[in-house]
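*Asks:* Shown below is the structure under consideration.
The values are calculated or read from the model by the stated rules, or taken from the named source; none is laboratory data. As the structure is a prediction and not an experimental result, all values here were calculated from the model. Backbone-built Cβ (ideal geometry, glycine too); neighbour counts: all protein chains shown. The protein model used for the area step is the full one, side chains on, heavy atoms only, and it has no ligands, DNA or RNA in it. Shrake-Rupley method; radii C 1.70, N 1.55, O 1.52, S 1.80 Å.
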Amino acid sequence: DSNFHKENKVNVMSNWKLRLDKQNSISFKNLFNQIGENETIIRNGFDFIQRPDDNLRNYMLGYRSRTIYTGQIEGIHDINQKNSLRWVAGGGFLREEEPDLRRFRTFRSQQEPDANFSMQMPPSSNLFDTGRYFGDLNEYSLNHGADYTRFFSGSLASVKAGYLVDYRDRDFSSRYMSYLYPGFFDPNIREDLIRLPLGEIFNRDNVRNMNGFVLEEGTRPIDSYTASSLTTAGYISAEIPMSRVTVITGIRIENNVQKLNSRDDFEDITVNNPILSYLPFFNSTYRIKDGTQLRLAYGRTINRPEFRELAPFVFYDYKMDAGRAGNPGLRHATIDNVDLRLELYPRLGETITLGAFFKYFDSPIENKTTVTTESPQFSYINADYAISYGVELEIRKSFIGLTDSEFLDRFSVNANGSLIFTKVDLGGGAVAQEQVRPLQGQSPYIINSAIYYDDQKNGFATSIVYNIIGPRIFSVGDVLFPSIYEMPRHSIDISMMKKIGSHTTLKAGIQDLLNAPNRFYQDSNRNDKIESGTDHPIVTYRGGQLVNITFTYNFGM
């Protein structure tokens, strides 16, 4: 792939705060983003399975516009030393438009290296060949919530209660059409037309009622949907400090109703999922001695499908060369989390944490690959259950006082790593798949590290951050299509900051300095691991480095 990507952004932030008195204030926060993205991808290569004798050159040309606004009014009222009230009301708007996404496939025989590439013409309108796609998404949201806190005299104990109401409404529609050359037109003219350069082939003169290209729309009712989500929730919690132990516990009760309406060629497709969830939480801290404590925590969370994961609409993902379709039968997932940590604080700004964790997933949502007549297609499934457990270590260390060097005193390091084991069981849903395997999307290890330099005297700071994740299942396969794994890649980010005078700050950075390739391999021999020379690459690409420079001038006094 040769990729060109240009992004233009306009960001406007406006925040206001009204202080009624020392105990009461009202804030009004606004954030607006307008984003325009142009992208062109030219793909050269071979299809060893379907077209082994041809050189292929495929194109994607597109523009996408996104408009995002969020606004919020928040009130904070410290009624007295024992009572505090916070309330919030807000809303948002999202619009995404793809006004003309174009995708074309061309080919040339390897026996004719000097010939022009020929346009691949489909027999009927589809998402893959000589296609033009138009998409329009609008979403509105409203929310309101309040929290009340009661503090008790003579202690640090407190009780907190609150509620939340959140509503989202989405309307999505899309259309697509393809250029065709009907079989009853003159085949000799067809051969001349399909060899024209890409900039000429679909000129207006070549689209005609006889012996030319015609446009055929392939849009179906399933290519549009409406959806909504209403969440109402309430919670109560208590913080109970004792001699060496502090306990925070409570419960959140949440009712959510997800609705989605679409239609296939034969009948309406309706999703109506009302779900009442009880989500308890518990966090206790035992202070062993000054600077050392043991923490035990439990919490239940819920993972609801996104609208896009529910909608049966199919979209062709050019980058992965696969369709993406939702699953209206997808269920929410519930996760129980248990976490045990030993925390040490040797000095100010320093931490050593050793932890162990266990998670139980009821009906986890996973990305799955299925094979269609055109190409692989990604969709979503629920497994029966999954477990995840492991250990993690985090260290934050300051160099202050380690030597007599003022230069070394300015350094600090941060490193953390996790070792994770997972198992998912599909239960009765294991049709043409392994019933037990690792959980999709979870890496067996994660490593992050950073070194910081901070010279406050001269107003200069810099950092170098490194991270890597272990190989993880990108999409679950079946008997026809092996699972796809996302392979590890090394990533280094560098950032610098320099204050110039009392009002000016200059920041610069490089993200993904190594520009290591993103690699997706299929497990061809189905042994749950990727082996070079045996397993086959599906997609390999480099995302490029991102260089940014920011100049800030502060008008404040």
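*Asks:* In segment 337-425, which chymotrypsin sites (Phe, Trp or Tyr not before Pro) are in a loop and have at most 12 other Cβ atoms within 10 Å, using DSSP for the loop call?
*Replies:* Here the sparse-neighbourhood loop sites are Phe407.
*Asks:* Here is a further query. So, with +1 on the Cβ of K and R and -1 on the Cβ of D and E, and no other charges, what is the size of the charge dipole of segment 232-365 about its Cα centre, to the nearest 20 debye?
*Replies:* 660 debye
*Asks:* With respect to the cross-link table entries Lys6/Lys368; Lys319/Lys359; Lys457/Lys507; Lys22/Lys499, which display a Cα-Cα separation exceeding 22 Å? Kindly include the intermediate steps, with their values, before the conclusion.
*Replies:* Details: Lys6/Lys368 31 Å; Lys319/Lys359 33 Å; Lys457/Lys507 17 Å; Lys22/Lys499 33 Å.
Violating the 22 Å Cα-Cα cut-off are Lys6/Lys368; Lys319/Lys359; Lys22/Lys499.
*Asks:* If I take every Cα pair under 8 Å that is 6 or more residues apart in the chain, average their sequence separation and divide by the length, what percent do I get for the relative contact order?
*Replies:* 6 percent
*Asks:* Please turn the phi angles of segment 182-195 into ³J(HN,Hα) values with the Karplus equation 6.51 cos²θ - 1.76 cosθ + 1.60 (θ = phi - 60°), one per residue in order, whole Hz, x for glycine and proline.
*Replies:* These are the phi-based 3J(HN,Hα) values: x, x, 8, 7, 5, x, 5, 5, 4, 4, 5, 5, 6, 9 Hz.
*Asks:* Still on this structure: State the percentage of accessible surface on the chain attributable to carbon and sulfur atoms; use a 1.4 Å probe and exclude ligands, DNA and RNA.
*Replies:* Answer for the chain is 56 percent, counting heavy atoms of protein chains only.
*Asks:* Which of the aspartates and glutamates could be linked to Lys160 by a straight reach, that is with a Cα gap under 13 Å, when you skip same-chain ones fewer than 8 residues away?
*Replies:* Asp147, Glu239
*Asks:* Let me ask another. Hey, of (1) 1.09; (2) 1.00; (3) 0.97, which did the structure itself give for Rg/Rh (Cα atoms, Kirkwood Rh) when calculated?
*Replies:* (2)
*Asks:* Mind listing the long-range amide H neighbours of Tyr316? Cut-off is under 5 Å, sequence gap 5 or more, other chains count too, H placed in the peptide plane at 1.01 Å from N.
*Replies:* Those lying under 5 Å, H to H, from Tyr316 are Arg324.
*Asks:* Could you tell me the largest-minus-smallest coordinate of the C-alpha atoms of segment 1-126 on each of the three principal axes, in descending order and whole angstroms?
*Replies:* 85, 26, 26
*Asks:* On average over all directions, what projected area in square nanometres does segment 403-557 have, based on the convex hull of its Cα atoms?
*Replies:* Over all viewing directions, segment 403-557 projects a mean Cα-hull area of 14.1 nm².
*Asks:* Another question about this same structure. How long are the semi-axes of the ellipsoid equivalent to segment 179-278, from square roots of 5 times the Cα gyration tensor eigenvalues, in whole Å, largest first? Please list the in-between numbers first.
*Replies:* Numbers: eigenvalues 797, 79, 16 Å².
Working from the Cα gyration tensor, I get semi-axes of 63, 20, 9 Å.
*Asks:* Could I ask something else about it? Going by amide H atoms built from the backbone, whose H comes under 5 Å of the H on Asp186, apart from near neighbours?
*Replies:* Those qualifying (amide H under 5 Å, at least 5 residues apart or on another chain) are Asn211.
*Asks:* OK, next. Can you pull out the chymotrypsin sites (Phe, Trp or Tyr not before Pro) in segment 453-557 whose DSSP state is coil and whose Cβ has at most 13 other Cβ atoms within 10 Å? Please list the in-between numbers first.
*Replies:* Working: sites: Tyr453, Phe460, Tyr466, Phe474, Tyr485, Phe520, Tyr521, Tyr541, Phe551, Tyr553, Phe555; in loops: Phe555.
Of the chymotrypsin sites (Phe, Trp or Tyr not before Pro), the ones in loops of segment 453-557 whose Cβ has at most 13 other Cβ atoms within 10 Å are Phe555.
*Asks:* Karplus couplings for segment 161-171 from phi (6.51 cos²θ - 1.76 cosθ + 1.60, θ = phi - 60°), rounded to Hz, Gly and Pro as x?
*Replies:* 9, x, 8, 8, 10, 9, 10, 10, 9, 10, 10
*Asks:* Right, another one. Can you spot the lysines whose alpha carbon is less than 22 Å from Lys29's alpha carbon? Ignore those fewer than 8 places along the same chain.
*Replies:* Lys9, Lys17
*Asks:* Here's a follow-up. About the Cα centre of the chain, what is the dipole size in debye to 20, counting +1 per Lys and Arg Cβ and -1 per Asp and Glu Cβ, all else neutral?
*Replies:* 2080 debye
*Asks:* Let me ask something else about it. Would you list, by chain and number, the aspartates and glutamates whose Cα falls below 18 Å from the Cα of Lys289, excluding same-chain residues fewer than 8 positions away?
*Replies:* Straight-distance partners of Lys289: Glu343, Glu350.
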